[in-house]
Amino acid sequence: MDVILGYVDEFRHMKFRKIILQIVSLAIVVGSALSIWKSLQVVSLSESPVVVVLSGSMEPAYYRGDILFLTYFNKPFEVGDVIVYKIKDQDIPIVHRVLQIQQKSDDPLDQLVLTKGDNNQVDDRALFPKRQMWLERSDIMGKIEGVLPYVGYITILLNDYPSLKFVMIGLMSLFVLTAKDPQS
(Lines give C-alpha, C1' and ligand atoms only; values in the text may rest on other atoms or scores of the structure.)
Protein backbone atom coordinates (compact mmCIF):
# COMPACT_ATOMS: atom_id res chain seq x y z
CA MET A 1 0.00 0.00 0.00
CA ASP A 2 2.94 2.33 0.72
CA VAL A 3 4.12 1.88 -2.86
CA ILE A 4 0.76 3.06 -4.23
CA LEU A 5 0.71 6.03 -1.84
CA GLY A 6 4.23 6.87 -3.03
CA TYR A 7 3.01 6.94 -6.64
CA VAL A 8 0.04 9.12 -5.71
CA ASP A 9 2.29 11.52 -3.76
CA GLU A 10 4.72 11.71 -6.70
CA PHE A 11 1.81 12.46 -9.06
CA ARG A 12 0.67 15.36 -6.82
CA HIS A 13 4.11 16.99 -7.00
CA MET A 14 4.49 16.80 -10.80
CA LYS A 15 4.59 19.96 -12.85
CA PHE A 16 1.65 20.65 -15.15
CA ARG A 17 3.72 20.08 -18.31
CA LYS A 18 4.92 16.69 -17.07
CA ILE A 19 1.34 15.68 -16.19
CA ILE A 20 0.23 16.53 -19.73
CA LEU A 21 3.17 14.50 -21.11
CA GLN A 22 2.18 11.50 -18.98
CA ILE A 23 -1.47 11.75 -20.08
CA VAL A 24 -0.35 11.88 -23.72
CA SER A 25 1.82 8.80 -23.08
CA LEU A 26 -1.19 6.97 -21.64
CA ALA A 27 -3.26 7.97 -24.70
CA ILE A 28 -0.51 6.62 -26.99
CA VAL A 29 -0.53 3.27 -25.16
CA VAL A 30 -4.33 3.01 -25.45
CA GLY A 31 -4.24 4.15 -29.09
CA SER A 32 -1.56 1.58 -29.92
CA ALA A 33 -3.68 -1.22 -28.46
CA LEU A 34 -6.69 -0.10 -30.50
CA SER A 35 -4.55 0.15 -33.65
CA ILE A 36 -3.24 -3.37 -33.17
CA TRP A 37 -6.82 -4.65 -32.68
CA LYS A 38 -8.05 -2.90 -35.84
CA SER A 39 -5.04 -4.20 -37.80
CA LEU A 40 -5.82 -7.74 -36.69
CA GLN A 41 -9.43 -7.25 -37.83
CA VAL A 42 -8.28 -6.12 -41.28
CA VAL A 43 -5.74 -8.93 -41.70
CA SER A 44 -8.03 -11.72 -40.45
CA LEU A 45 -11.26 -10.36 -41.98
CA SER A 46 -12.93 -11.20 -38.65
CA GLU A 47 -14.93 -8.80 -36.48
CA SER A 48 -13.28 -10.41 -33.46
CA PRO A 49 -9.87 -11.80 -34.47
CA VAL A 50 -8.98 -12.96 -30.94
CA VAL A 51 -11.25 -14.74 -28.44
CA VAL A 52 -10.70 -16.48 -25.12
CA VAL A 53 -12.15 -19.93 -24.37
CA LEU A 54 -14.50 -19.47 -21.40
CA SER A 55 -15.78 -23.02 -20.84
CA GLY A 56 -14.59 -26.61 -20.96
CA SER A 57 -16.90 -27.66 -23.80
CA MET A 58 -14.00 -28.08 -26.27
CA GLU A 59 -11.64 -30.03 -24.02
CA PRO A 60 -9.24 -31.70 -24.73
CA ALA A 61 -8.66 -29.66 -27.90
CA TYR A 62 -8.96 -26.24 -26.23
CA TYR A 63 -9.00 -25.43 -22.54
CA ARG A 64 -10.46 -22.61 -20.49
CA GLY A 65 -8.20 -19.58 -20.80
CA ASP A 66 -6.74 -20.46 -24.22
CA ILE A 67 -6.51 -17.51 -26.60
CA LEU A 68 -7.78 -18.38 -30.10
CA PHE A 69 -6.88 -16.51 -33.28
CA LEU A 70 -9.64 -16.39 -35.92
CA THR A 71 -9.88 -15.74 -39.64
CA TYR A 72 -12.95 -15.24 -41.77
CA PHE A 73 -11.77 -15.72 -45.33
CA ASN A 74 -14.18 -16.41 -48.17
CA LYS A 75 -13.68 -20.16 -48.06
CA PRO A 76 -16.28 -22.82 -47.34
CA PHE A 77 -16.30 -24.40 -43.91
CA GLU A 78 -15.56 -28.11 -43.63
CA VAL A 79 -16.70 -30.78 -41.18
CA GLY A 80 -14.12 -30.81 -38.39
CA ASP A 81 -13.29 -27.10 -38.54
CA VAL A 82 -13.46 -25.36 -35.19
CA ILE A 83 -15.42 -22.14 -35.50
CA VAL A 84 -16.59 -19.34 -33.25
CA TYR A 85 -20.19 -18.23 -33.59
CA LYS A 86 -22.48 -15.81 -31.85
CA ILE A 87 -26.19 -16.34 -31.43
CA LYS A 88 -28.50 -13.34 -31.74
CA ASP A 89 -29.31 -11.70 -28.38
CA GLN A 90 -26.42 -13.46 -26.59
CA ASP A 91 -23.22 -11.66 -25.63
CA ILE A 92 -20.78 -14.54 -25.34
CA PRO A 93 -19.45 -16.23 -28.49
CA ILE A 94 -19.31 -20.04 -28.61
CA VAL A 95 -16.30 -22.09 -29.75
CA HIS A 96 -17.37 -25.47 -31.21
CA ARG A 97 -16.49 -27.93 -33.97
CA VAL A 98 -18.44 -28.23 -37.23
CA LEU A 99 -20.41 -31.48 -37.11
CA GLN A 100 -22.50 -31.27 -40.30
CA ILE A 101 -22.84 -28.99 -43.29
CA GLN A 102 -25.75 -28.50 -45.70
CA GLN A 103 -25.33 -26.62 -48.98
CA LYS A 104 -28.13 -24.12 -49.56
CA SER A 105 -27.29 -23.47 -53.22
CA ASP A 106 -24.60 -23.97 -55.86
CA ASP A 107 -22.52 -21.26 -54.20
CA PRO A 108 -19.92 -23.11 -52.05
CA LEU A 109 -20.08 -20.34 -49.43
CA ASP A 110 -23.86 -20.65 -49.06
CA GLN A 111 -23.80 -23.18 -46.22
CA LEU A 112 -25.80 -24.16 -43.17
CA VAL A 113 -23.62 -25.40 -40.32
CA LEU A 114 -24.33 -27.59 -37.28
CA THR A 115 -21.80 -27.61 -34.45
CA LYS A 116 -21.01 -29.50 -31.26
CA GLY A 117 -18.53 -29.09 -28.43
CA ASP A 118 -15.98 -31.90 -28.28
CA ASN A 119 -16.76 -32.39 -24.59
CA ASN A 120 -20.57 -32.23 -25.06
CA GLN A 121 -22.90 -35.18 -25.56
CA VAL A 122 -25.26 -33.55 -28.07
CA ASP A 123 -25.11 -30.99 -30.87
CA ASP A 124 -25.75 -27.28 -30.31
CA ARG A 125 -29.37 -27.08 -31.48
CA ALA A 126 -30.51 -26.58 -27.88
CA LEU A 127 -28.40 -23.40 -27.77
CA PHE A 128 -29.98 -21.93 -30.90
CA PRO A 129 -33.10 -19.73 -30.80
CA LYS A 130 -36.49 -21.46 -31.22
CA ARG A 131 -37.04 -22.99 -34.65
CA GLN A 132 -33.41 -22.44 -35.68
CA MET A 133 -31.80 -25.77 -36.59
CA TRP A 134 -28.61 -24.58 -38.33
CA LEU A 135 -26.13 -21.72 -38.19
CA GLU A 136 -26.03 -19.30 -41.10
CA ARG A 137 -22.74 -17.84 -42.29
CA SER A 138 -23.82 -14.52 -40.74
CA ASP A 139 -23.82 -16.17 -37.28
CA ILE A 140 -20.18 -17.26 -37.61
CA MET A 141 -17.41 -14.96 -36.41
CA GLY A 142 -14.51 -16.99 -37.79
CA LYS A 143 -12.51 -20.19 -38.00
CA ILE A 144 -9.71 -20.94 -35.55
CA GLU A 145 -6.24 -20.70 -37.08
CA GLY A 146 -4.04 -20.55 -33.97
CA VAL A 147 -3.99 -20.92 -30.20
CA LEU A 148 -2.02 -19.50 -27.28
CA PRO A 149 -2.64 -21.86 -24.33
CA TYR A 150 -3.84 -20.45 -20.99
CA VAL A 151 -2.65 -16.87 -21.68
CA GLY A 152 -6.24 -15.60 -21.67
CA TYR A 153 -6.94 -16.77 -18.14
CA ILE A 154 -6.57 -13.18 -16.94
CA THR A 155 -9.66 -12.34 -19.03
CA ILE A 156 -11.64 -15.00 -17.17
CA LEU A 157 -10.51 -13.57 -13.82
CA LEU A 158 -11.47 -10.05 -14.92
CA ASN A 159 -14.94 -11.26 -15.99
CA ASP A 160 -15.47 -13.33 -12.82
CA TYR A 161 -14.32 -10.49 -10.54
CA PRO A 162 -15.37 -7.14 -12.11
CA SER A 163 -13.79 -5.09 -9.32
CA LEU A 164 -10.41 -6.57 -10.27
CA LYS A 165 -10.83 -4.97 -13.71
CA PHE A 166 -11.06 -1.48 -12.20
CA VAL A 167 -8.14 -2.12 -9.85
CA MET A 168 -5.93 -3.28 -12.74
CA ILE A 169 -6.90 -0.36 -15.00
CA GLY A 170 -6.30 2.06 -12.15
CA LEU A 171 -2.89 0.57 -11.32
CA MET A 172 -1.78 0.53 -14.96
CA SER A 173 -2.89 4.14 -15.41
CA LEU A 174 -1.10 5.14 -12.22
CA PHE A 175 2.12 3.44 -13.33
CA VAL A 176 2.01 5.08 -16.76
CA LEU A 177 1.19 8.50 -15.33
CA THR A 178 3.94 8.36 -12.71
CA ALA A 179 6.63 6.72 -14.86
CA LYS A 180 10.00 8.39 -14.59
CA ASP A 181 11.06 10.40 -17.63
CA PRO A 182 14.32 8.77 -18.87
CA GLN A 183 15.63 12.22 -19.88
CA SER A 184 15.36 13.73 -16.39
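Restricting to segment 76-118, and then to whatever is basic (K, R) and closer than 18 Å to S48 by Cβ, can you tell me which residue is surrounded by the most Cβ atoms within 10 Å (Cβ to Cβ)?
So the residue we want is K86.
For L26, indicate whether it is assigned to a loop (DSSP other than H, G, I, E, B), open to solvent by less than 50 Å² (accessible area, probe 1.4 Å) and more than 24 Å from V147 (Cβ to Cβ).
no
Quick check on this structure: which one of Q132, Q121 is part of a loop (DSSP other than H, G, I, E, B), open to solvent by less than 70 Å² (accessible area, probe 1.4 Å) and not acidic (D, E)?
The match here is Q132.
Can you name every one of the strands (runs of 3 or more DSSP E) wholly within segment 37-115 that holds 2 or more residues which are at pLDDT below 90 and of a type in the set (D, E)?
It comes to none.
Cβ-Cβ under 8 Å, sequence separation 6+ or interchain: first residue in segment 69-84 and closer than 14 Å to L112 by Cα, partner part of a loop (DSSP other than H, G, I, E, B). Which pairs?
K75/L109; P76/P108; P76/L109; I83/F77
Under 30 Å from Q22 (Cα atoms), at pLDDT 90 or above and not in a helix (DSSP H, G or I): is that true of V151 in this structure?
yes
Determine, yes or no, whether V113 is of a type in the set (A, V, I, L, M) and within 13 Å of S57 (Cβ to Cβ).
Values: of a type in the set (A, V, I, L, M): yes; within 13 Å of S57 (Cβ to Cβ): no.
For V113, the condition - of a type in the set (A, V, I, L, M) and within 13 Å of S57 (Cβ to Cβ) - is not met.
In segment 115-136, what count of residues is obtained for those that are within 23 Å of the chain's Cα centre (by Cα) and free of Cβ contacts under 8 Å to residues at least 40 places away in the same chain?
Qualifying residue count for the region: 4.
The values are calculated or read from the model by the stated rules, or taken from the named source; none is laboratory data. Here the structure is a predicted model, which means the values were calculated and not measured. Glycine also receives a Cβ, built like all others from the backbone with ideal geometry; neighbour counts cover every protein chain displayed. Each accessible area value is taken on the protein alone, full model and side chains, heavy atoms only, with ligands, DNA and RNA left out. Shrake-Rupley method; radii C 1.70, N 1.55, O 1.52, S 1.80 Å.
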